[in-house]
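Undergrad: Pasting in a structure now, in C-alpha cells, and then I'll have a few things to ask.
Here, each number is a calculation from the coordinates, and none is a lab measurement. Only a predicted model underlies this, so the values are computations on that prediction, with no experimental measurement involved. Note that we place each Cβ from the backbone using ideal geometry, even for glycine, and neighbour counts take in every protein chain shown.
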Amino acid sequence: MTAYEIVVGMECHVELKTKTKLFCSCAAEFSDDPNRHICPVCLGMPGALPVVNRQAIEYAVKAALALHCQVQLTSRFDRKNYHYPDLPAAYQITQMFYPIAKGGYVDIETSKGCRRIRLNRIHVEADAGKLLHGSSGIGGAGDSLADDNRGSTPLIEIVSEPDIRSAEEARVYGEKLRTILEYAGVSDVKMEQGSMRCDANVSVRPKGDPVLGTRAEVKNVNSFKAVERAVHYEAERQIDLIEEGGVVVQETRGWDDEKGISISMRLKENAHDYRYFPEPDLPPIILDPEQIRAIGLTLPEMPEARKVRMVSELKLSEYDSEQITASRYTADLFDETVTLGAEPKAVANWIMGELMRCARTKGVDLAAIPVKAQNLAALLAHVAEGKINNKQAKEVFEEMFDSGEAPEVIIRKKGMTQVSDAGALEEIVQTVLAGNPKSVEDYKNGRTQAMGFLVGQVMKASKGQANPGVVNQLLTAALEAMK
C-alpha cells in the first residue's frame, strides 16, 4: 500500500433525540412494537401534509455550531425519489440543494499527529423505516417485513470532505464526531442502536497524483472499530484490483463484519438518478442571526476546551484529560466531583480505573451508570479521612455502581467503618505480637519484612477494619520498645 494514498470521505447519519418525528406528532420511538408509531403523514399518504418539528431544526443548528459550521439563514427541503420497501411514500424528504449548514471541521489526533478534517455540509432529513429480514414472526422465514416506526424520525447527515487519509483517521474522526454531538446534547449517538450510522466513501490513488480515484461507498458499518477495518479492507481490495489490471467501479458495498469483507450491493447512483425536486408541501426554513446566537449560548463547554482547562488549571496529564473528556458523562462526573472538594487526580484515577472497569465488565453504557458526583466525592472523602481503606473503597464503589446507593449506607450495611482509635487497636496489636514470637524475633534481627506479616495479622484480626497507618505506628512503637 506504500505506493498508493487512501482517500476517504465520511457520511454520518445522526438521529436527533426529539420526542416526536420530523413532520408529524408520532413518537420518535422505534424500539417499540413494529408499526405502532405511524400515521398518514409519516407514511406519506395522499393529502397528508407535513409540519416541521421546530426542536429538530434547533438541534441541527446546535450540532452545526458545535462543529464550527456556517449556519444558513435560509434552507429548503427537497424530495429524493426512489422505490424501496422501507420508504412507503417512495420519496425521502431531505435537503439536497439548500442545506441547513455548510463548512465546518473536526480536529483529530492519531498516531501520526493532529489533522483537521473539513466538513462539506450538514443537512436535515427524515429517516427511512427498517426492514426485518428472515423473520419467523408474522411472515415466513424467507420474508422481509417492514417496520415504519423509525420512518420520518429526524436526523442530520454530516458529510465530510475527502480529507481522511487512513483507516485509523476514519475511526478517530467518527469517535471525535460522536463525542462532540454527545456534548452538544442533540443525540444519544449509539451506533449499536442505529442512532448514529456511518458510511465511508473509499478510493485510492497513486501517491502524488492530484486526481481522485473512483470511490466505493461502504455501508452497514455499526462500530468505529468496524469503520477502521472496513476502510483498510476496501483500500486493499481496490489496490489489488488496480495492480491486477482491473478497474474500480463506483458502487455501494455492504460490510460483513463477521467475515471482514465488503460485498457489492449495487452500482452507485448519481444525484440525477433520484430526480430531486423542491418539496412542494414545506416552506423554507428562515432563521435570523439572533436565533442562531441564542442556540449557540446553550452549548456546554466542548471537549477540547475542557481538556485544555483540566491540564492548565487542574494539572491533569494530557493522557488523563483525554480519557476523561472522551465522554460527556465522565467529564461532567469529574467536574462535579472536583467542585465538591475531591482532589482532581484522585477523581481521575477512580473514573479511569474502577468506573471504567465496572462499565466494561458489566456491559453498562456510561450514560446509564447510577454513580453520582456527591457519592463519589463522599467515597473519596472516607478514604482520605481513613474511615475505610482502598480495598474496602473498591468494594463499596462496585456496590455503588450496581445500586446507586450512597457510600455511607453501604459502609454501614457491610460494617466496614475503619478503626483508627489507637486505644481500640492496641489490644489487637499486643495479641498479635504475643502470638507471633518468631516474627518479633526476626524484626529484632533486622528482617524488616516481618513487619508486613505482622500488619497483615492485625488486619486479619480486625476483619480488615483497622487503619493500616495506625497499625504500622503501633507495631513500630511496640517492636522498637522490645529491642
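Undergrad: In degrees from 0 to 90, rounded to the nearest 10, what is the angle of the helix 422-435 Cα long axis to the longest principal axis of the chain?
TA: Once rounded, one gets 70 degrees.
Undergrad: Could you tell me how far the Cα centroid of the range 386-442 sits from the Cα centroid of the range 291-334, in Å?
TA: 37 Å
Undergrad: Work out, step by step, the length gained on full extension between Glu168 and Glu244: first 0.36 nm times the residue separation, then minus their alpha carbon distance; give nm to one decimal.
TA: Gain on extension, Glu168 to Glu244, equals 24.7 nm.
Undergrad: Students often forget the sequence filter, so: which aspartates and glutamates lie under 18 Å Cα-Cα from Lys112 once same-chain residues fewer than 8 apart are removed?
TA: Hits, sequence-local ones excluded: Glu5, Asp163, Glu168, Glu169, Glu175, Glu228, Glu318, Glu322.
Undergrad: Sticking with this structure for a sec: Under a point spin-label approximation (7 Å from Cα along Cα-to-Cβ), what is the Leu145-Leu131 distance to one decimal in nm?
TA: Modelled inter-label distance: 1.6 nm.
Undergrad: Rounded to the nearest 0.05, what FRET efficiency do Arg54 and Lys413 have when you use their Cβ-Cβ distance and R0 = 41 Å?
TA: Calculated value: 0.25.
Undergrad: Taking only Cα atoms, what is the 0 to 90° angle, nearest 10, from helix 390-403's long axis to the longest principal axis of the chain?
TA: Approximately 40 degrees, to the nearest ten.
Undergrad: With r as the distance between the Cβ atoms of Arg293 and Lys112 and R0 = 45 Å, compute the FRET efficiency 1/(1 + (r/R0)^6) and round to 0.05.
TA: Efficiency for this residue pair is about 0.75.
Undergrad: For the peptides 311-324, 334-347, what is the packing order when you average, over each peptide's residues, the other Cβ atoms within 10 Å and list the highest mean first?
TA: Those peptides, ordered most packed to least, come out 334-347, 311-324.
Undergrad: Moving on. Find how much the distance from Thr2 to Lys259 grows on full extension, using 0.36 nm per residue of separation minus their present alpha carbon separation; answer in nm with one decimal.
TA: Answer, rounded to one decimal: 90.0 nm.
Undergrad: Among His123, His272, His68, which comes first, then next, by fewest other beta-carbon atoms within 10 Å?
TA: His272, His68, His123
Undergrad: Still on this structure, I have one more. Using R₀ = 51 Å, calculate the FRET efficiency as 1/(1 + (r/R₀)^6) where r is the Cβ-Cβ separation of Ala367 and Phe453; round to 0.05.
TA: That pair, Ala367 with Phe453, gives E of 0.65.
Undergrad: Listed here are the pairs Lys21/Lys80; Lys176/Lys315; Lys102/Lys207; Lys362/Lys394; Lys102/Lys219; which of them are more than 20 Å apart at the Cα?
TA: Lys176/Lys315; Lys102/Lys207; Lys102/Lys219
Undergrad: If you don't mind, another one. How high is the relative contact order of the chain, in percent, counting Cα pairs under 8 Å that sit 6 or more residues apart?
TA: Relative contact order for the chain comes out at 13 percent.
Undergrad: How about the range 122-209: which trypsin sites (Lys or Arg not before Pro) there lie in a loop by DSSP and see at most 12 other Cβ atoms within 10 Å?
TA: For trypsin sites (Lys or Arg not before Pro) across the range 122-209 that sit outside H, G, I, E and B with at most 12 neighbouring Cβ atoms in 10 Å, the list reads Lys207.
Undergrad: To continue, here is another question. Could you calculate the contour length gain from Arg309 to Glu161, that is, 0.36 nm times the residue separation minus the distance between their Cα atoms, to one decimal place in nm?
TA: Taking Arg309 through Glu161 to full extension adds about 50.3 nm, to one decimal.
Undergrad: Further question on the same structure: In degrees between 0 and 90, to the nearest 10, how far off the longest principal axis of the chain does helix 303-312 point, with axes built from Cα atoms?
TA: The two axes meet at around 30 degrees.
Undergrad: Say a paramagnetic label sat at a point 7 Å from the Cα of Glu11, along Cα to Cβ; which residues of the range 156-192 have their backbone N under 12 Å from it?
TA: Backbone N within reach: 157-160.
Undergrad: For the range 1-106, run through the chymotrypsin sites (Phe, Trp or Tyr not before Pro) and keep only the ones in DSSP coil with at most 12 other Cβ atoms within 10 Å of their Cβ.
TA: Of the chymotrypsin sites (Phe, Trp or Tyr not before Pro), not one in the loops of the range 1-106 has a Cβ with at most 12 other Cβ atoms within 10 Å.
Undergrad: Helix-only mean residue ellipticity at 222 nm, the chain, DSSP H runs n ≥ 4 weighted -39,500 (n - 2.57), per residue, nearest 500. What is it?
TA: -12000 deg cm²/dmol
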